[in-house]
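Right, one structure below, let's go through it.
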Amino acid sequence: MALTATEKRVARDSGRRAGRRWRGLLAALPLASLASCAPQPASTPPAEGLNLLLIVVDDLRPDLGSYGHPLVQSPNIDRLAARGVRFERAYSQFPVCNPSRSSFLTGLRPLATGVLDNTTHYRKLLPDAVTLPQHFRTNGYFTASVGKVFHGAGGRNEWSNPEAWDLEAFPRGRRRARAGERERFPYREDKSIGWAAAAGRDRDQTDGQVALETVGVLEQARDRPFFVATGFLRPHTPWIAPKEYFDLYPQPALESYLAALEASAEAQPLAPGVSPDRIGREEQLALLRAYYACVSFVDAQIGLIFDALDRLELWQTTVVVLVSDHGVHLGERSWWWKNTLSEVSARVPLVISVPGLTPGGEASTALVELVDLFPTLVDLFGL
């Protein structure tokens with residue numbers, strides 16, 4: 001259903017008013033900190049002097065140590081959770097990359113943006129929309145984007161947003177392995193998923209380059225107000241990571257986890273025509289191992305960024321938000337993809353650390369949506 005220009009403007013304006021009413025995410029913080037979350041007069045912005053670091057991880061489920069997962073090793077994301085608030089019931093607006101990012105970076109729902117696929121640049125439909133980084137830039141912040149933030153990555157600068165960023169970087173590591181160089185498993189007639197335990201160092205991969213480039217941007221921006229956004233490709237397919245991260249997940253542990261999954265209600269088929277035996281057990285184990293290897297690989301890259309925050313003494317002046325665009329099925333409902341409204345496809349990890357505001361290691365069970373990020377951050381920074 002297409003919206004008229006007037007309907008889109010109304011939707012955009014109503015979203016801004018909702019933000020001013022403080023209907024955003026930080027209102028869902030534990031009660032002990034709610035008093036600190038009340039909106040402040042414009043003359044005394046609550047986050048005056050603070051910076052913003054936004055980390056977007058592609059296709060990341062809340063399968064993390066800090067979310068209670070029994071298997072996944074994610075010490076650096078857990079480190080952020082220990083400083084901030086972990087949202088247990090955070091959901092994306094659309095379980096596909098581009099529609100989700102176009103939504104939370106404009107503060108508009110997908111029916112208002114009109115972006116419902118991975119090929120449409122939001123600017124084609126919303127030429128006058130003010131995005132989250134653009135709003136910060138207009139208010140005097142240095143803005144920088146590294147990797148896949150809006151959508152494109154790995155040198156794909158056709159997804160550039162020059163009005164939003166003072167600096168954009170699309171690092172590109174080793175080119176994707178050719179089809180014959182990685183394992184490929186079909187999971188339905190028209191799709192396949194692939195993985196590879198790659199040789200070489202972290203920096204040989206695109207996400208390794210993204211982390212190093214982000215550290216350089218933080219070093220460059222440290223002495224002025226900044227909004228730096230970093231987007232990691234993994235654990236989006238193909239699930240490629242250096243071999244050392246595969247070694248973190250031995251087969252016996254994976255077998256126990258898979259057995260528990262098979263006994264759950266989520267093991268029931270998603271829909272007719274999706275064969276539950278399309279991928280055999282050994283292949284399922286290999287895919288689980290590859291996905292979790294990618295999670296730990298990206299976590300290590302995030303650790304490099306957090307180490308830079310330590311070294312540059314930026315933790316006390318930087319709001320850090322870590323989020324994914326959506327989740328993904330890992331065999332639940334016989335599905336190895338996203339694009340569904342099931343819990344595992346729609347739910348995302350969301351961790352927010354605000355110096356002097358968020359109590360470390362707390363969790364919120366309030367229902368929150370990614371569309372709330374824009375108005376919440378605007379209110380928080382008093383813009």
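Given a 1.4 Å probe and the protein chains as shown, ARG109 ends up with an accessible area of around 100 Å². For PRO250, the shell of other residues with beta-carbons less than 15 Å away shows a net charge of -2, using +1 for Lys and Arg and -1 for Asp and Glu.
For the listed peptides 353-363, 319-329, a ranking on the average number of other beta carbons within 10 Å per residue, highest first, reads 319-329, 353-363. Once you sort the root eigenvalues of the Cα gyration tensor of segment 200-253 as a ≥ b ≥ c, which label holds: rounded (a/c under 1.5), prolate (a/b larger than b/c) or oblate (the other case)? Judged from the Cα gyration tensor, segment 200-253 comes out prolate (a/c at least 1.5, a/b above b/c). Rolling a 1.4 angstrom probe over segment 238-383 with all protein chains present gives an accessible area of which 53% lies on carbon and sulfur atoms. With the simple model of a label 7 Å out from the Cα in the direction of the Cβ, ARG311 to ASP128 spans 4.6 nm.
Taking a label point 7 Å from the Cα of SER160 along the Cα→Cβ vector, which residues of segment 99-122 have an amide N closer than 19 Å to it? So the set is 120-122.
The values are calculated or read from the model by the stated rules, or taken from the named source; none is laboratory data. Everything numeric in this text was worked out from a predicted model, so none of it was measured. For neighbour counting, all protein chains shown are included, and Cβ atoms are generated from backbone atoms with ideal geometry for every residue, glycine included. Side chains included, ligands, DNA and RNA excluded: accessible areas come from the protein's heavy atoms. Shrake-Rupley method; radii C 1.70, N 1.55, O 1.52, S 1.80 Å.
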